[in-house]
Amino acid sequence: MYVMKNLDELPKEIWIEISRRLGASDILQLRLCNRTLCKKLSSRAIWRPRCYEKWLTHLQYDPFHVELKPKDHSWFYHYRMRNHIETRISKGISSALASSEPYHELFPRFVHYKSSHVIPFLHRVIKNGYLRGTAGAGIGMDFVSICHHLLMCMRHKHVYELFGQEDMEYVHDAEVTVFFRLSAMDSSFDLLLHHRDRVLQMVHSLVRLEWEEFTKSPATLRMDRIVGCLMQALNNNKTWTEERSGQLHLEDFILLRVYAGETQGHPLLILTIVQTLASMYGVETVLCGSYLIIRDSKLLAGETYLTISTEGRPKIFTKRRLVQSLKRILGTNERVVIDQILPSILQPLTFKELVSTIFRELLPLYNKSKWAGMPFPKNPQVYRQLYPHSRQPMSAEIVRYFTCVYKAYELQSRIEMRISSLCSVAIKEVFRLVSRLYPGDYSYAAKLLHSRGVDFGEHLLKYDEWIFQLHSIAVERSGKLGTFVTSTRDSYPMCVVGVRSFNNGNIYYTLMNYCGEFFIELSSNLQEYDAKENQEVILSFLETSGFSDLGLVFSQLDRNDWRLIPNDRIKKLLL
């Protein structure tokens, strides 16, 4: 009988199985034992799944970052390299939190890193939130919050890219080139990335069920089948239950929220998804304002027209039926419709026209989130049902910010307006918003507008000034900081994140509720909330508010007193 003398005599397959029960650091230590183990534990079968789990799975859903896969023998070295970069990033963030340097100076520090190396790490930290896995990893709320702001800064780059293009060609892939970039203004962008692939795969599965018949059909019938499959996939994915009323909100312009099933989507956005699917199946289409032209060589007119109502119902017209419909709606004769109206509504959109339509017409019109438009009473249960995947409503403030950036860019791009006071006011407002809301965007705004904030009297703020401008958080020493209270108008707990006293004796608290909204309230209108007796409620509060800016003030939850502990920056300001 053969007796094994050393563990390294075990076959490679056994070591692969053992490695699945070990952490990466344990495997790295085992590799140092001898050459045999070093070779066996460098196997592609060990390190490839770990690379995908930590980084590549998230990146494969991201069209903005194409990550080159390593060769079979280099998966271990790829993991080691990525892990080393991630460790440096983590240490850099931790040291920045412990230092007193201005907050806005943290962002350029990470610019030299390749974004595909940084984004998966930031996303993983944010996804865990304030509670899950943070205590054991030594990650506090302040660490999560800075990761959130860094990730938003990196994603905002894609929105800025919408404005710097002068492409006058007709837009053929608006779903990716326009609406996907527009979705990057959503701070839940990375949480929702995988939903797009899931819906498209579902559509492909439904189409394949009748593949033979589908391939023999003319373009219009193929498009009808594609649209039917898309609507079925989106309906199967939807998380909202109310009937479609035709009322649209900010979320309806965010592509990934539509794929996640949290909203129905604006008709123009749905048409761009259909256009993407049509191109996958060889159907030629052209995007117009309210219609998608379908090229069909088997029809006498050579084309049909797809439109989608505000209630989300698709309809395909032949040219004759479209003329008759417009004639009836507008109350005019057929010649006027053919000669004047059809050429106008069937004019293909250029990239610039589509961006202009979104920022000049649509977003200013539908400027409220679903949550803001909901009738009272509101509660955490409804909030979680409304946003099960994104975990937060779409911010109206960030939409106003990018609308302001677009208007400033548009004014500056017109030569006759560059020297006008209106252009200067618009650019000044952009840098004011950058310094107040998103200091990490400074380099994007400066490059796009060929200007500097200091030229317009706008400076990046110190930390205490920044959090006051951002959420009216005043930093004063108080025993109430970090405690939970309720108000006479809201029975749900809110966290005291700031305190401000006045000479007349009045004390005002800055409060944050479960969905990350900030309020100013007079202390006499508040009652202390017994957090110790309602520990589950507090944990639910922190879970729901995981995408809020709570970490700008606090670092940890004290589970003895059940109050939040100020972070190092706030402690230094309180000295």
Review point. Taking segment 520-574 as the region of interest, how many residues are open to solvent by 50 Å² or more (accessible area, probe 1.4 Å), among the hydrophobic types (A, V, I, L, M, F, W, C) and at pLDDT below 90?
Key: 1
Point to revise | Filtered residues of segment 300-325 (kept if farther than 23 Å from Gln247 by Cα and touching a Ser or Thr at 6+ places or on another chain (Cβ under 7 Å)) | key: Ala301, Thr304, Phe317, Thr318
Point to revise | Selection status of Tyr79, in the same structural domain as Tyr113 (by the TED database), out of contact with any Gly (no Cβ under 9 Å at 6 or more places or on another chain), at pLDDT 85 or above and closer than 30 Å to Ala184 by Cα | key: yes
Practice item. Being crowded, with 17+ Cβ neighbours inside 10 Å, at pLDDT below 85, within 26 Å of the chain's Cα centre (by Cα) and among the aliphatic types (A, V, I, L, M) narrows it down to one of Leu106, Leu37, Leu68, Leu59, so name that one. Key: Leu106
Point to revise | Extreme residue, farthest from Gln275 (Cα to Cα), among residues of segment 173-190 that are open to solvent by less than 20 Å² (accessible area, probe 1.4 Å), assigned to a helix (DSSP H, G or I) and not aromatic (Phe, Trp, Tyr) | key: Asp190
Exercise for review: Out of Ser95, Ser99, Ser115, report the one residue that is over 18 Å from Ser555 (Cβ atoms) and of a type in the set (Gly, Ala, Ser).
Suggested key: Ser115
Exercise for review: Only residues in segment 470-492 that are farther than 22 Å from Gln535 by Cα count as the first member; pair them with residues that are crowded, with 18+ Cβ neighbours inside 10 Å and of a type in the set (Ser, Thr, Tyr), Cβ under 7 angstrom, at least 6 apart or cross-chain, and list the lot.
Suggested key: His471/Thr510; Ser472/Thr510; Ile473/Thr510; Ala474/Thr510
Practice item. Among residues belonging to segment 1-32 that are of a type in the set (A, V, I, L, M) and part of a loop (DSSP other than H, G, I, E, B), point out the one that is modelled with the highest pLDDT. Key: Leu22
Practice item. Determine the pairs where a residue that is in contact (Cβ under 8 Å) with a residue 12 or more places away in the chain, located within segment 19-33, has a partner that is hydrophobic (A, V, I, L, M, F, W, C) and surrounded by 15 or more Cβ atoms within 10 Å (Cβ to Cβ) with Cβ atoms under 6 Å apart, the partner being 6 or more residues away or on another chain. Key: Ser19/Ile27; Ser19/Ile46; Ile27/Leu41
**Study point:** Residues (open to solvent by less than 20 Å² (accessible area, probe 1.4 Å) and in contact with a Lys or Arg (Cβ under 8 Å, 6 or more places away or on another chain)) located in segment 311-341
**Key:** Gly312, Val337
Point to revise | Scope segment 280-296; condition closer than 20 Å to His204 by Cα and outside any loop (DSSP other than H, G, I, E, B); matching residues | key: Met280, Thr285, Ile294
Point to revise | Verdict on Leu162 being surrounded by 21 or more Cβ atoms within 10 Å (Cβ to Cβ) and either of a type in the set (A, V, I, L, M, F, W, C) or within 14 Å of Thr403 (Cα to Cα) (or both) | key: yes
Review point. In segment 191-223, what count of residues is obtained for those that are under 15 Å from His123 (Cα atoms) and either open to solvent by 50 Å² or more (accessible area, probe 1.4 Å) or out of contact with any helix residue (DSSP H, G or I) (no Cβ under 8 Å at 6 or more places or on another chain) (or both)?
Key: 1
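Residue-wise test of (1) surrounded by fewer than 14 Cβ atoms within 10 Å (Cβ to Cβ); (2) touching a strand residue (DSSP E or B) at 6+ places or on another chain (Cβ under 8 Å); (3) touching a residue at least 24 places away in the same chain (Cβ under 8 Å).
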position: Leu365; (1), (2), (3): yes, no, no
position: Lys368; (1), (2), (3): no, no, yes
position: Leu386; (1), (2), (3): no, no, yes
position: Glu397; (1), (2), (3): yes, no, yes
position: Cys404; (1), (2), (3): no, no, yes
Review point. Cβ-Cβ below 9 Å, separation at least six or inter-chain, first residue in segment 288-310 and free of Cβ contacts under 8 Å to residues at least 12 places away in the same chain, second open to solvent by 10 Å² or more (accessible area, probe 1.4 Å): which pairs?
Key: Leu300/Lys319; Gly302/Arg295; Gly302/Lys319
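The values are calculated or read from the model by the stated rules, or taken from the named source; none is laboratory data. As the structure is a prediction and not an experimental result, all values here were calculated from the model. Here the Cβ is made from the backbone with ideal geometry for all residues, glycine too, and neighbour counts use every protein chain on show. When the accessible area is computed, the model is the full protein with side chains, heavy atoms only, and any ligands, DNA or RNA have been set aside. Shrake-Rupley method; radii C 1.70, N 1.55, O 1.52, S 1.80 Å.
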